[in-house]
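All remarks here apply to the structure that follows.
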Amino acid sequence: MFNASKSIKRIVSISAAAVCMLGSLRVAPADYFESVDAASTLSAFQITQNMKVGWNLGNTMDATAGDITGTFEHAGLETETAWGCPKANQTLFNALKAKGFNTVRIPTTWFQHLDANDNIDPEWLARVHEVVDYAYKNDMYVILNVHHENWINRSDLNDAYEPIKKRLLKIWTQVAEEFKDYDQHLIFECMNEPRAVGTDHEWWSATPVPEANVINKLNADFVNLIRSTDGPYAKTRLLMLPGYVASSDKTFLNQIVMPDDDYCAVSIHAYIPYNFTMNTNEAEGAYHDTFTKEFSNDLAYTLQNFRDIFINNNIPVVIGEMGTSNFGNTQARVDWTTQYFETTKKYGIPCVLWDNNIETNPEAPGECHGYINRETGEWYSTSLPIINKMMEIMNDDSIVWGSDGKMPEYDHQALSQGKVLISSPVEIDAAKAAAPVYGNTTPGVEISWNDLKGKEVAIKFTGDTPILAFSDTSYNNWTEISPYTVDKDNGIAYYLVDKSLPAAWPVDLSEVNHIQARTAAVTVVQQMVVLDAPDVEIEVPVDKTKKYSVDLGSTRTGKVVFNLEGEAGTVTNGCLGFKTPDWTQIEWETTIGSDGKAAVSIDLSEIPADAKSVEFQIWYNPEKVDMKDYQLGEAPTETTTTTVTETQTETTTAEITGTLPAATVYGDANLDNNVNIADAVLVMQVATNPDKYAQGKSALSITLQGEINADVDGKTGLSNSDALLIQKFKLGLISSFPVQSK
């Protein structure tokens, strides 16, 4: 199990567009995702496809016995229940199978059950065998490993190769003999989260660690051992190999060296993004109420790394541990599950849910991974929606297993045909991130958005794949995007700036002033070139936040009260945000009452007089809640009620109510008293990028009157249809507005 208390947040800010799948350039399923019906001996990718979705028997066979002085060196069968879990039983495994799980991982600790010569206690081996059979004889796949071994996870790991190798191979020799006649449904996992305990890089490092080489050698020894044993499945048994700490972090993934073997898969643990799934430290960015766009971006970035580094190179991946702790945030966990399982299914990666049999625990809320009553086989109501969503996705035939397992291929301009920004090699190192040198990035090159429209940036490099960064004149508004494709043969990463930067840049694009590359490890940037972008469509995640522009006038005494309506009992939250000049937000949370109403009261003294772009936002359960109006003033008799219009981010603007501005001049979106192409351009900007051009978003935003003027197609809200009609009007193809919808 991932040790949440020791994890360090790795900050990666990326474009939503850059990390999402490329809609118009999907490729057919890769050849290695073959039919699993015909062959009697399955390929590695057929095995991982058959595994579908899995569950961990956590804190059970991997538990250790001890007293207040520490962990015993030797113990008996009592270790199975030492951490408070009941004994494994057939009822539990039957319930898992009935729900749709096709894989069970059985984490197993061995060191307390070894004699002086590392022989396994026969009683313990027999009990492990019995538990394996609960799943295996149920026609499920079983992952068996070595887990919680203090002789592997040690501070001197880098110098302990020989003693670890001796014991590791002795254990696996016995386990392989015990199960030699079990077919490909039984999978061996070499180690669990091998790491240098107690070091400053136990769980994370910005740079490669030497212990990774020891782990690669141990993995290779393990593979050679299993392949040399007798038994009908010795050559075709799937073997799972972890990198350092089985980490999902790209720094460690890039250090994995896979043996030349057709039946090996990378074993990864991915409780990602950690600030959503497990972290409880708000100072580090922990937040659980909603699965935010930032979290979605981080998840997409990490899962894409699995695809790009391994699946795309014909190396299977199994996510052996994953999940979200129960913070009482069921809907947010369902949202996370939706993206996680839809993405991994398209990539062809089976996921194995971690379960430690803890449903809730106020003292350790980040460690609540209990889903099922292990004695009765009943699913806990708090987490059942997560399980149901997993199974819904796995059973959805429209989401094809492995359909996005291969990276799309593109035609790019030659580097010699573009505008060169960096022409000679620059070495950058993540270990040199401290001021004033900032040796983890290339020097900033001045550039403008006009130089980048319709363009992509190509970086020729060696070492770790760089991240492309943009900033303004003062190096503020730092925004990073990852490559949408990498030509590994030629060492060139491509960044679709034209589509990804507008989705990520937090202010007006006219403020873009610098471009540079950053590394997460060590990289040599040989060239950076601006090229014409290929015709690529990108699916940008939908921001479901409801946003309403607010006019506070000059009033800064008393309170502003926002009146909400929605489904009774709905828990919701959000913020009142504004710019001064930086974005600031006052967060709120409430529950819709039995009458379908609720009120959010915010002290006006908390909002500076120069606040601009004031916006009321609903984050959690936005589909069930609306903000109807708000009041300013000291008391009800002194308040002014304002009816608001939601600034939609999903579809179109909402119906406008209340008192509208003066005369409507149809087509004049920018209020310059003319109807021309500039109006059509503004409408298209609002329709395609509402986060930047909708009311109150920036100095270039459309106004309320502009929205009214521009809504010319007879349908509610602005769309590209309105823009097209404005262009036809300018060309004389139509004579009047509005055009009535049919």
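The values are calculated or read from the model by the stated rules, or taken from the named source; none is laboratory data. None of these values were measured; they are calculated from a predicted model. Heads up, the Cβs are rebuilt from the backbone with ideal geometry, glycines too, and the neighbour counts pull from every protein chain shown.
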Inset, instruction - Would you tally the residues in region 232-241 being touching a helix residue (DSSP H, G or I) at 6+ places or on another chain (Cβ under 7 Å) and either at pLDDT below 95 or buried (at least 16 other Cβ atoms within 10 Å of the Cβ) (or both)? - result: 4
Inset, instruction - Say whether the condition of being assigned to a loop (DSSP other than H, G, I, E, B), under 26 Å from the mean Cα position of the chain (by Cα) and modelled with pLDDT of 95 or more is met by at least one residue in region 422-438. - result: no
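So that you can scan it fast, the table gives a plain yes or no per residue for (1) modelled with pLDDT of 80 or more; (2) touching a strand residue (DSSP E or B) at 6+ places or on another chain (Cβ under 7 Å); (3) assigned to a loop (DSSP other than H, G, I, E, B):
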residue	(1), (2), (3)
Thr652	no, no, yes
Pro661	no, no, yes
Thr664	no, no, yes
Ile702	yes, no, yes
Gly706	yes, no, no
Gly714	no, no, yes
Gly717	no, no, yes
Ala723	no, no, no
Inset, instruction - Among what's in region 280-304 and is over 17 Å from Asn573 (Cα atoms) and among the polar types (S, T, N, Q), pick the residue that is modelled with the lowest pLDDT. - result: Asn297
Legend entry - Single residue of Asp532, Asp508 found to be touching a Gly at 6+ places or on another chain (Cβ under 7 Å), among the charged types (D, E, K, R) and either at pLDDT 90 or above or surrounded by fewer than 18 Cβ atoms within 10 Å (Cβ to Cβ) (or both): Asp532
Legend entry - Hits in region 312-350 (condition: aromatic (Phe, Trp, Tyr) and within 15 Å of Cys368 (Cα to Cα)): Phe327
Legend entry - Out of Glu80, Glu34, sole residue that is in the same structural domain as Lys165 (by TED's automatic domain parsing) and either outside any strand (DSSP E or B) or at pLDDT 95 or above (or both): Glu80
Inset, instruction - Just name the residue that is surrounded by the fewest Cβ atoms within 10 Å (Cβ to Cβ) out of those in region 242-258 that are touching a strand residue (DSSP E or B) at 6+ places or on another chain (Cβ under 8 Å) and at negative phi. - result: Met258
Legend entry - Condition check for Asn138: out of contact with any Pro (no Cβ under 9 Å at 6 or more places or on another chain), over 18 Å from Ala176 (Cβ atoms), modelled with pLDDT of 95 or more and of a type outside the set (Phe, Trp, Tyr): yes
Inset, instruction - Hey, could you check region 313-344 for residues that are charged (D, E, K, R) and crowded, with 24+ Cβ neighbours inside 10 Å and say which is farthest from Leu384 (Cα to Cα)? - result: Glu321
Legend entry - Residue list for region 170-193, restricted to those being more than 21 Å from Asn117 (Cβ to Cβ) and of a type in the set (S, T, N, Q): Gln184, Asn192
Inset, instruction - With respect to Ala135, determine if the residue is without any contact (Cβ under 8 Å) to a residue 12 or more places away in the chain and assigned by TED's automatic domain parsing to the domain that holds Val317. - result: no
Inset, instruction - Output the residues belonging to region 147-166 that are surrounded by fewer than 18 Cβ atoms within 10 Å (Cβ to Cβ) and more than 34 Å from the chain's Cα centre (by Cα). - result: Asp159, Ala160, Tyr161, Glu162, Pro163, Lys165, Lys166
